[in-house]
Amino acid sequence: MNLMLIPLVILAGMGLSLEAGLIGPLGTEVGHLWATLSIFGVGAVLTGLLVLFFSPRNAASFTEQPGWKLLGGVLGPVYVVVLTLATPVIGIGMTMIAILSGQVAKSVLIDHYGWFGTPHKKVGSDRLLALLFIVAALILIAWG
């Protein structure tokens, strides 16, 4: 495992909390869908520039991919709309731990069954205990 990726992923997670802190109030002011569009509009322009300058020239095209691989593009806006709705009401901490709970629970299932072509990793007691601790954190933050 490349341990250098872990700090990078932690920083990306911090970025999601920052995004929630920015988009929640923006959604309250301009509307949740406009706020979501602003996030994806800016992101699309920046990603387009990255693709233009850094994308490998021999990469497979979208038309060669099965449709189910492109469903992640549908899930992103749903996630951001939920952020804009939930963050002003329940706060960033509660929103993020609830998202984390869902992510870890689904990730454990995906790993266990090897869905989407991912490596198969059996769910053991250590992973279930970790999930239990995250759910406990969700409950503690909800009560706080």
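Specify which of the listed residues (Thr63, Thr28, Thr47) is in contact (Cβ under 8 Å) with a residue 40 or more places away in the chain and hydroxyl-bearing (Ser, Thr, Tyr).
So the residue among Thr63, Thr28, Thr47 that is in contact (Cβ under 8 Å) with a residue 40 or more places away in the chain and hydroxyl-bearing (Ser, Thr, Tyr) is Thr28.
Regarding Val42, is this residue at pLDDT below 90, part of a helix (DSSP H, G or I), farther than 21 Å from Ile90 by Cα and out of contact with any Leu (no Cβ under 8 Å at 6 or more places or on another chain)?
In short, no.
On the basis of being under 15 Å from the mean Cα position of the chain (by Cα) and open to solvent by 60 Å² or more (accessible area, probe 1.4 Å), does Phe53 make the cut?
Judged against the criteria, Phe53 is not a match.
Being open to solvent by 90 Å² or more (accessible area, probe 1.4 Å) and closer than 26 Å to Ala136 by Cα narrows it down to one residue among Val89, Val82; which is it?
Among Val89, Val82, only Val89 is open to solvent by 90 Å² or more (accessible area, probe 1.4 Å) and closer than 26 Å to Ala136 by Cα.
Can you find even one residue in the range 61-68 that is modelled with pLDDT of 90 or more and not in a helix (DSSP H, G or I)?
no
So in the range 1-39, with the set limited to residues that are under 15 Å from the mean Cα position of the chain (by Cα), open to solvent by less than 80 Å² (accessible area, probe 1.4 Å) and not small (Gly, Ala, Ser), which one is modelled with the lowest pLDDT?
Once the filter is applied, the top-ranked residue is Leu16.
Within the range 126-144, how many residues are of a type in the set (A, V, I, L, M, F, W, C), open to solvent by 90 Å² or more (accessible area, probe 1.4 Å) and under 16 Å from Met94 (Cα atoms)?
Summing the residues that are of a type in the set (A, V, I, L, M, F, W, C), open to solvent by 90 Å² or more (accessible area, probe 1.4 Å) and under 16 Å from Met94 (Cα atoms) in the range 126-144 gives 3.
Which one is nearest to Gly72 (Cα to Cα), of the residues in the range 45-58 that are of a type in the set (S, T, N, Q) and at pLDDT below 90?
Ser55
Scan the range 110-125 and give yes if some residue there is aliphatic (A, V, I, L, M) and either in contact with a Ser or Thr (Cβ under 8 Å, 6 or more places away or on another chain) or open to solvent by 60 Å² or more (accessible area, probe 1.4 Å) (or both), otherwise no.
Yes: one or more hits.
Which condition number does Lys121 fail, the rest of (1) without any contact (Cβ under 8 Å) to a residue 12 or more places away in the chain; (2) of a type in the set (D, E, K, R); (3) assigned to a helix (DSSP H, G or I) being met?
Against the list (1) without any contact (Cβ under 8 Å) to a residue 12 or more places away in the chain; (2) of a type in the set (D, E, K, R); (3) assigned to a helix (DSSP H, G or I), Lys121 comes up short only on (3).
The values are calculated or read from the model by the stated rules, or taken from the named source; none is laboratory data. Remember, predicted model here, so these are calculated numbers, not experimental data. Note that each Cβ is placed from the backbone with ideal geometry, even for glycine, and that neighbours are counted across all protein chains shown. In case anyone asks, the SASA skips ligands and DNA or RNA and just uses the protein heavy atoms, side chains included. Shrake-Rupley method; radii C 1.70, N 1.55, O 1.52, S 1.80 Å.
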